[in-house]
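Everything below concerns the one structure shown next.
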Amino acid sequence: MKKYWKKLSRIKLTERIDNALASTVNFENSHYLGYPVSHIDENVFNLGGADLDKAPLLKAYIANPNNIGCHTLGKSEEAFKGSQELEKEVIRVLAVDIFKAEENSYDGYIANGGTEANMQALWIYRNLYKKEYNATLDEMVILSSEDTHYSVHKGANLLSVDGVSIPVEFNSREIIKEELDRIVEEQKAKGKKYFMVISNLATTMFGSVDDPNLYAQILEKHEVEYKIHIDGAFGGFIYPIMNKESKINFQNPKISSFTIDAHKMLQAPYGTGVFLCRKNLIENVLTKEAQYVDGMDLTMSGSRSGANAIAVWMILFSYGYYGWFEKISTLLLRTEWFEDQLKELNIEYFRDPFMNIVTLKSKHVTKELAQSFGLVPDTHNGNNNWYKVIVMDHVEVDDLLKFVKELKKNID
Ligand SMILES: *Cc1c(COP(=O)(O)O)cnc(C)c1O
């Protein structure tokens, strides 16, 4: 049972969205003279004929609320209360029902994507180390596995903090403990004292899941300061739901924050990555100069789409927890079916049992086959070792079957 993640009827959903939009300032008859905001341009987007009563999301895009700022603490812009309230409900479902946070023990917002959410985490920890320890940039370092998403390297570059990749074992994609140990030792010898870890809750290429406790164990052994951020951009809406024993959540005191993308598995519109963290962290990135915004701006983005927040809210509450569980279960059944076929054909692959990604060793797949089925290689430079298949909503067993038949031909 989930406390907040319920299924709502169509009627209820529409009613809640209508109410939310009603409390968004109506530019038609309002006296808001000082805001650089409005509904979308009617001269360009001719929406006169659209039947909006059946399309609450479209209505939200037209009303164009701005969810600027972070709404889990302090004050927020009055003009957009409705869509901000729905965003808070999204954050609560994610924090409490999916990642097992205590009530009111978290902050978060809907970022532009996983890239921004990862950067937000690094930005918070960099500032925290500066503020609490007077740390300099060259005393800090970011650790992540070699399978980590490139957004972490982008973040390292922007924040001027060194990043180090930890090697993984070729077949299991697991972080090599001895290597991690050696690297931390080496970094310490170089003067690094403050560590930021990005631990994958499923890597983009393999769906492999890092063990955050391994990082904690090694960093504690070396007696350095550390913070662990979980990058659940890909796996956040699958893994913790399917793996009931998962320890990658807020109940684990070693973990401080999460990234979860709604525009991947949840099929929300682009611009819906979610950032979540424990209380008393996000204040480290307060921009004091953001004075024209009512409330505190604690986010990397400035203006951002309130309609996007409504879209995520709609998806979560259209399915409810059980509906979503069923949907993901179906994807995993298809993935298992595919895995069984590969086993039969003696094809080597990687798969985490709670994920919908299967990554095949490229020696089993010709370039032509990969191309015609739209498989993605681990590198585009031609020397790839792997190709991945992601079982999304549109990838059915019949599609997989065609691919398996072709694979078989190659083997015979
Ligand atoms: C997709 C992805 C990201 C980046 O997310 P965007 O939403 O594209 O910015 C980060 N980390 C992982 C693991 C991802 O799969």
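Tabulated data for the structure shown
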{"read-out": "Condition met for residue 320 (touching a Pro at 6+ places or on another chain (Cβ under 6 Å), modelled with pLDDT of 95 or more and within 30 Å of residue 56 (Cα to Cα))", "value": "no"}
{"read-out": "Output for the stretch 234-245, where each listed residue is away from the ligand (no atom under 16 Å from the Cβ) and touching a residue at least 60 places away in the same chain (Cβ under 8 Å)", "value": "241, 242, 243"}
{"read-out": "Odd one out for residue 147 among (1) within 30 Å of residue 132 (Cα to Cα); (2) in contact with a Lys or Arg (Cβ under 7 Å, 6 or more places away or on another chain); (3) charged (D, E, K, R)", "value": "(1)"}
{"read-out": "Candidates 311, 216 - the one that is within 20 Å of the chain's Cα centre (by Cα), at pLDDT 95 or above and more than 14 Å from the ligand (Cβ to nearest atom)", "value": "311"}
{"read-out": "Residues of the stretch 282-299 satisfying the condition of being touching an Asp or Glu at 6+ places or on another chain (Cβ under 7 Å) and at pLDDT 95 or above", "value": "282"}
{"read-out": "Single residue of 296, 205, 265 found to be of a type in the set (A, V, I, L, M), in the same structural domain as residue 120 (by TED's automatic domain parsing) and more than 16 Å from the ligand (Cβ to nearest atom)", "value": "296"}
{"read-out": "Residue in the stretch 303-318 that is without any contact (Cβ under 8 Å) to a residue 40 or more places away in the chain and surrounded by fewer than 20 Cβ atoms within 10 Å (Cβ to Cβ) present", "value": "no"}
{"read-out": "Test: residue in the stretch 76-95 that is assigned to a helix (DSSP H, G or I), touching a residue at least 60 places away in the same chain (Cβ under 8 Å) and farther than 13 Å from residue 309 by Cβ", "value": "yes"}
{"read-out": "Filtered residue count, the stretch 380-399, keeping only those that are more than 22 Å from the chain's Cα centre (by Cα) and either outside any loop (DSSP other than H, G, I, E, B) or of a type in the set (Ser, Thr, Tyr) (or both)", "value": "5"}
{"read-out": "Selection from the stretch 155-176 of residues that are surrounded by fewer than 19 Cβ atoms within 10 Å (Cβ to Cβ), under 17 Å from residue 206 (Cα atoms) and either modelled with pLDDT under 95 or within 16 Å of the ligand (Cβ to nearest atom) (or both)", "value": "165"}
{"read-out": "Odd one out for residue 222, checked against (1) within 17 Å of residue 178 (Cα to Cα); (2) in contact with a helix residue (DSSP H, G or I) (Cβ under 9 Å, 6 or more places away or on another chain); (3) within 16 Å of the ligand (Cβ to nearest atom)", "value": "(3)"}
{"read-out": "Single residue of the stretch 103-154 satisfying the filter (in a loop (DSSP other than H, G, I, E, B) and within 11 Å of the ligand (Cβ to nearest atom)) that is surrounded by the fewest Cβ atoms within 10 Å (Cβ to Cβ)", "value": "150"}
{"read-out": "Residue selected from the stretch 268-283 under the condition touching a residue at least 60 places away in the same chain (Cβ under 8 Å), part of a loop (DSSP other than H, G, I, E, B) and within 14 Å of the ligand (Cβ to nearest atom), by the criterion farthest from residue 68 (Cα to Cα)", "value": "270"}
{"read-out": "Subset of the stretch 377-412 [among the hydrophobic types (A, V, I, L, M, F, W, C), touching a strand residue (DSSP E or B) at 6+ places or on another chain (Cβ under 6 Å) and closer than 22 Å to residue 330 by Cβ]", "value": "389, 390"}
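Residues checked against (1) within 27 Å of residue 263 (Cβ to Cβ); (2) of a type in the set (Ser, Thr, Tyr); (3) touching a strand residue (DSSP E or B) at 6+ places or on another chain (Cβ under 6 Å); (4) assigned by TED's automatic domain parsing to the domain that holds residue 388:
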| site | (1), (2), (3), (4) |
| --- | --- |
| 146 | yes, no, yes, no |
| 152 | yes, no, yes, no |
| 162 | no, no, yes, no |
| 170 | no, no, no, no |
| 184 | no, no, no, no |
| 198 | yes, no, yes, no |
| 219 | no, no, yes, no |
| 222 | no, no, no, no |
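The values are calculated or read from the model by the stated rules, or taken from the named source; none is laboratory data. Please read these numbers as outputs of a predicted model, since none were measured by experiment. Glycine also receives a Cβ, built like all others from the backbone with ideal geometry; neighbour counts cover every protein chain displayed.
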